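*Asks:* Structure below; questions to follow.
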Amino acid sequence: MSETKNMTIGVLTSGGDAPGMNAAIRAVVRQGLAHDCRVLGIRKGYAGLLNNDMRMLKARDVSDIISRGGTILSTARCKEMRTPEGIDKAVAVCEKRGIDALVVIGGDGSLAGARELSRRGVTVVGIPGTIDLDVGFSDYTIGFDTAVNAAVDAIDRIRDTSSSHERCSIVEVMGRHAGHIALWCGIATGAENILVAEKYDGDESAMLDEIRDSHKRGKSHHLIINAEGVGDSMAMAQRIEAETGVETRATILGYMQRGGSPTARDRVYASTMGCMAVDVLLEGKKNRVIAYRDGGFCDIDLDEALEMSSSENTGIDEYQWKISRSLSTRYSKKDTP
Ligand code: F6P
């Protein structure tokens, strides 16, 4: 298509960083250059766009970054992009810098910014990048796999020391309002309880009974995975200890989940999504987002995608939630001595 020839593509990462973003940036640059495009790397997300902080990226600029966590472009949460003035400014910078299309790598908030730009005539393609997996339109987001693996590694370690001391452990994982990381970590580590905001009603009585019960049975530990959206793990630990007499410690894993070298899955999926974003632009499409759905990669309309995210589609997997309950160590009646 003639209008897509020699395109200038701007690429930015926005919102919380996520392992694998570098692989996506690298893919946009290399796939773009392979098709005679120029690629402008925009620093610090939308803040960099508003400040005209960008530079042309060559193939060598993205060498040796696929294995690195974080984002070489830096990222930010930009309040100004939520204002009409901010959008005006961003559109003006795109025009001034001759940006024909923008690839935005980030979560829902960042993609909502891209939609605003699209409504103002800027060609955009989004790539879902967030450890939280809290988008409704894609079964995969860049960084989730690495974050879960990092958290699982940490939880296994905590479990060792918890068992030695016969303690109850609460491990708080990230995810903002979403419980995907907690659910996956809980299943992967065989946690006795998984608390996610989507399901938790604040009633601790059943959990307290289970802790008392497993302690009575001589179990050496009791592991609770608490989603960030449920919150205050420290206070919960104090309540559990006071109510059950079982020594309890809380650990908030925090930002260690968001850093580190991306897993092979995050590298490969992010690379695929980055290349696909460029392909979609070369096909002359606008206002799209790359998704992983039903076992394959695809591009979908950005408005429709964000619509899906505002509905109940962002919730945790119901079947996985159900099995997480049967997989925990609550003894079935048959096994009860
Ligand atoms: O969206 C990713 C995430 O790490 C969430 O899990 C968490 O709630 C939030 O970002 C933390 O944001 P910040 O880096 O601004 O503290």
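The values are calculated or read from the model by the stated rules, or taken from the named source; none is laboratory data. Because the structure is a prediction, the values reported are computed rather than measured. Here the Cβ is made from the backbone with ideal geometry for all residues, glycine too, and neighbour counts use every protein chain on show. Just so you know, the surface numbers come from the protein's heavy atoms only, side chains and all, with ligands and any DNA or RNA stripped out. Shrake-Rupley method; radii C 1.70, N 1.55, O 1.52, S 1.80 Å.
*Asks:* Separation of the range 161-192 and the range 46-64 by C-alpha centroid, Å?
*Replies:* Here the two parts' Cα centres lie 38 Å apart.
*Asks:* Another question, then. Sorting Phe144, Phe297 by accessible area (1.4 Å probe), largest first, what list results? Mind dumping the intermediate values first?
*Replies:* Details: Phe144 15, Phe297 60 Å².
So the residues, ranked largest to smallest area, are Phe297, Phe144.
*Asks:* Which of Gly231, Ile187, Ser205 sits farthest toward the positive end of the charge dipole of the range 147-258, with +1 on the Cβ of Lys and Arg and -1 on the Cβ of Asp and Glu?
*Replies:* The residue sitting farthest along the positive end of the dipole is Ile187.
*Asks:* Mind checking the dipole of the chain: about its Cα centre, +1 per Lys or Arg Cβ, -1 per Asp or Glu Cβ, Debye to the nearest 20?
*Replies:* 1040 debye
*Asks:* Applying 1/(1 + (r/R0)^6) with R0 = 45 Å to the Cβ-Cβ distance of Asp232 and Arg293, what FRET efficiency is obtained, to the nearest 0.05?
*Replies:* Working: r = 35 Å, r/R0 = 0.78.
E between Asp232 and Arg293, to the nearest 0.05, is 0.80.
*Asks:* Same structure again: Net charge within 14 Å of Ser164 by Cβ-Cβ distance, Lys/Arg positive one each and Asp/Glu negative one each, not counting Ser164 itself?
*Replies:* +1
*Asks:* So, for the range 147-258, what is the accessible surface per residue at a probe of 1.4 Å, expressed in square angstrom?
*Replies:* I get 44 Å² per residue for the range 147-258.
*Asks:* Which of Tyr292, Tyr200, Tyr140 ends up with the largest GNM mean-square fluctuation for the chain, with Cα atoms connected below 10 Å?
*Replies:* Comparing Tyr292, Tyr200, Tyr140 in the GNM, the peak value goes to Tyr200.
*Asks:* Please report, in cubic angstrom per residue, the volume enclosed by the convex hull of the alpha-carbon atoms of the chain.
*Replies:* In the chain, the Cα hull volume divided by residue count equals 130 Å³.
*Asks:* Is the range 147-258 rounded, prolate or oblate when judged by the Cα gyration tensor, a ≥ b ≥ c being the square roots of its eigenvalues, rounded requiring a/c under 1.5 and prolate requiring a/b larger than b/c?
*Replies:* oblate
*Asks:* Another one. Could you order the peptides 223-236, 248-261 from most to least packed, using the average number of other C-beta atoms within 10 Å per residue?
*Replies:* Ranking the peptides 223-236, 248-261 by packing returns 223-236, 248-261.
*Asks:* While we're on this one: Carbon and sulfur together cover what percent of the accessible area of the chain at a 1.4 Å probe radius?
*Replies:* Its accessible area is 47 percent carbon and sulfur atoms.
*Asks:* Quick one: accessible surface of Lys199, probe radius 1.4 Å, all protein chains present, in square angstrom to the nearest 10.
*Replies:* 80 Å²
*Asks:* Here's something else I'd like to know. Would you tell me the accessible area of Ser162, worked out with a 1.4 angstrom probe on the heavy atoms of the protein chains, in Å² to the nearest 10?
*Replies:* 10 Å²
*Asks:* How about the range 133-220: which GluC sites (Glu not before Pro) there lie in a loop by DSSP and see at most 14 other Cβ atoms within 10 Å?
*Replies:* Glu166
*Asks:* With no solvent and one point on each alpha carbon, what is the Debye value of log10 I(q)/I(0) for the range 20-93 at q = 0.16, 0.24, 0.28 Å⁻¹?
*Replies:* -0.61, -1.05, -1.20
*Asks:* What FRET efficiency would be calculated for the residue pair Asp153, Ser310, taking the C-beta separation as r and a Förster radius of 45 Å, to the nearest 0.05?
*Replies:* So, using R0 = 45 Å, E works out to roughly 0.85.
*Asks:* Sticking with this structure for a sec: Hey, if you put +1 on the Cβ of every Lys and Arg and -1 on every Asp and Glu Cβ in the chain, which of Phe137, Val62, Ile290 ends up farthest toward the positive end of that dipole?
*Replies:* The listed residue farthest towards the positive side: Val62.
*Asks:* How far is it, in nm, from the label point at Asp209 to the one at Arg325 when both lie 7 Å from their Cα along the line to the Cβ?
*Replies:* 1.4 nm
*Asks:* Antiparallel as a % of all DSSP beta bridges within the chain, to the nearest 5?
*Replies:* Values: 9 of 41 bridges.
Roughly 20 percent of the beta bridges in the chain run antiparallel, per DSSP.
*Asks:* Going by alpha carbons, how many degrees (0 to 90, nearest 10) lie between the helix axis of 264-282 and the longest principal axis of the chain?
*Replies:* 30 degrees
*Asks:* To the nearest 10 degrees, how steep is helix 205-216 against the longest Cα principal axis of the chain, on a 0 to 90 scale?
*Replies:* Helix 205-216 and the main axis of the chain meet at about 60 degrees.
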